[in-house]
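Below: one structure, written as structure tokens.
The values are calculated or read from the model by the stated rules, or taken from the named source; none is laboratory data. Every value quoted in this text rests on a predicted model; they were computed, and no experiment measured them. Glycine gets a Cβ as well: all are built from the backbone with ideal geometry, and neighbour counts include every protein chain shown. The accessibility values were calculated without ligands, DNA or RNA, using every heavy atom of the protein model including side chains. Shrake-Rupley method; radii C 1.70, N 1.55, O 1.52, S 1.80 Å.
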Amino acid sequence: MDVIRIDQAREVLAAVASTLGFQPTDALVLVGLRGPRNLIGPVIRIDLPALEDPTAVAHLVTLATTHTSTCILITYTPDDQRPAGRRAAATLTAALDEARHPVRAALWATPTAYGSTTCADPACCPPDGLPIGDLDATVIRATDVTKGRALVNSRAALIPAPASPTARRHAEAARAAWSAQHPATDPAHTLTALKVWTTAMTAPEDADATTYGRLAAVLTHPAWRDLVITHAATDGTGIDHQTGTAHLDAVRAMIAAPGEPTQRPGQNLPAALDLLMRTAAHATGSPAAHAWAATALLAWYSGHGARAALAVEAAHKADPDNSLADLAAQILAAQIPPAWTHTP
């Protein structure tokens with residue numbers, strides 16, 4: 001896991017964009033810091049107009065006081081609407097002060113500039129800000145480039161568009177053929193189903209329509225889908241590869257209550273999420289819903305609520321009655337954080 005020291009406003013802004021996967025607009029972002037080293041924890045984005053609702057403000061305060069030691073507030077607005085951003089930040093800062101929860105810094109960003117409303121040193125933080133292009137020279141941005149991670153243009157682009165009709169037809173043919181040869185009613189096929197996933201994960205960048213179709217077939221069966229979810233979340237350590245069953249301790253750690261043993265997401269989870277999304281993009285109907293629902297749950301587990309919400313929408317569009325998508329939607333609606341975020 002990369003550990004990068006962040007001690008400048010531009011690095012914080014780059015870290016937020018890297019975490020969310022896109023540059024927010026017309027929003028406030030609360031960056032939670034945790035523990036004596038002020039490690040970045042929850043990153044929570046909310047539309048600016050929503051902060052006019054006292055209930056939304058109170059809920060943000062509850063999340064901050066429960067899951068962070070201190071926090072940084074960042075407002076994202078057009079250049080001519082910075083005052084609206086300042087008012088929103090001031091409202092939340094006052095509520096956090098009342099809860100005796102300190103705000104470490106308040107930053108702002110527009111399409112052309114960025115700055116701080118809490119730094120009084122004009123040499124460091126001029127009133128008109130600094131060029132937003134400075135973010136391209138940050139350590140965070142350079143790390144993203146070397147690892148092949150790129151920001152998307154908008155929140156909607158966090159999940160892929162449907163594959164071409166030809167690619168989806170090829171994937172559907174592969175799904176139907178594999179399902180016919182490996183009926184889920186036969187327990188003997190469980191290890192075969194797990195191998196479809198583990199083989200694809202050895203070189204996910206090489207997956208093709210046939211691979212996506214077979215993965216869609218595996219994900220359509222709930223027991224096999226749950227194995228895939230556990231494998232993806234734990235880098236495979238939560239699976240007994242001899243019997244094709246999930247270790248109960250690993251499952252409990254994923255859904256633990258505060259104070260119970262937890263497990264942080266595996267390092268291969270981003271690659272697993274990408275593979276699941278591409279599988280969903282090559283499917284239609286119920287198979288697509290199962291793939292999107294698995295994506296939603298794992299995106300939530302990774303701490304990526306925006307992607308999880310989009311995946312839930314895609315799952316319900318493909319099949320309004322998908323039960324796993326319903327569960328993911330309920331988790332997101334209740335704004336329940338993943339269990340591992342309870343641990344500094």
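Compared with the alpha-carbon gap, the fully stretched path from Gln330 to Val152 is longer by 61.4 nm at 0.36 nm per residue.
Please sort by residue number the trypsin sites (Lys or Arg not before Pro) in the range 121-221 whose DSSP state is loop and whose Cβ has at most 14 other Cβ atoms within 10 Å. List each step's numbers first, then the result.
Working: sites: Arg141, Lys147, Arg149, Arg155, Arg168, Arg169, Arg175, Lys195, Arg214; in loops: Lys147, Arg149.
Passing sites in the range 121-221 are Lys147, Arg149.
Label sites at Ala99 and Leu39, each approximated as a point 7 angstrom past Cα along Cα to Cβ, lie 2.2 nm apart. In this structure, Ala167 and Thr202 have a Cβ-Cβ separation that, at R0 = 22 Å, corresponds to a calculated FRET efficiency of about 0.50. The gain in end-to-end length when the Asp235 to Ala123 segment is fully stretched comes to 35.7 nm, 0.36 nm per residue minus the alpha carbon separation. Relative to the first principal axis of the alpha-carbon coordinates of the chain, what is the inclination of helix 54-67, with its axis defined by its Cα atoms, in degrees from 0 to 90 and to the nearest 10? Computed tilt is about 80 degrees. Each residue, His247 and Thr25, gets one label point 7 Å from its Cα in the Cβ direction; the gap between the two is 4.6 nm.
Which value, in Å to one decimal place, does the Kirkwood hydrodynamic radius take for the range 154-215 when every pair of different Cα atoms is included?
On the way: mean 1/r = 0.0770 Å⁻¹.
Over the range 154-215, the inverse of the mean reciprocal pair distance is 13.0 Å.
In this structure, the amide hydrogen of Ile239, modeled 1.01 Å from its nitrogen in the peptide plane, lies closer than 5 angstrom to those of His247, counting only residues at least 5 positions away or on a different chain.
Between the Cα long axis of helix 82-98 and the first principal axis of the chain there is an angle of about 90°, rounded to the nearest 10.
Please report the carbon-and-sulfur percent of the accessible area for the chain; probe 1.4 Å, protein heavy atoms only, DNA, RNA and ligands left out.
The computed percentage sits at 55.
Beta bridges per DSSP, both residues in the chain: antiparallel share near 75 percent. For the range 1-81, trypsin sites (Lys or Arg not before Pro) meeting the loop criterion (DSSP other than H, G, I, E, B) and having at most 16 other Cβ atoms within 10 Å: Arg5, Arg37.
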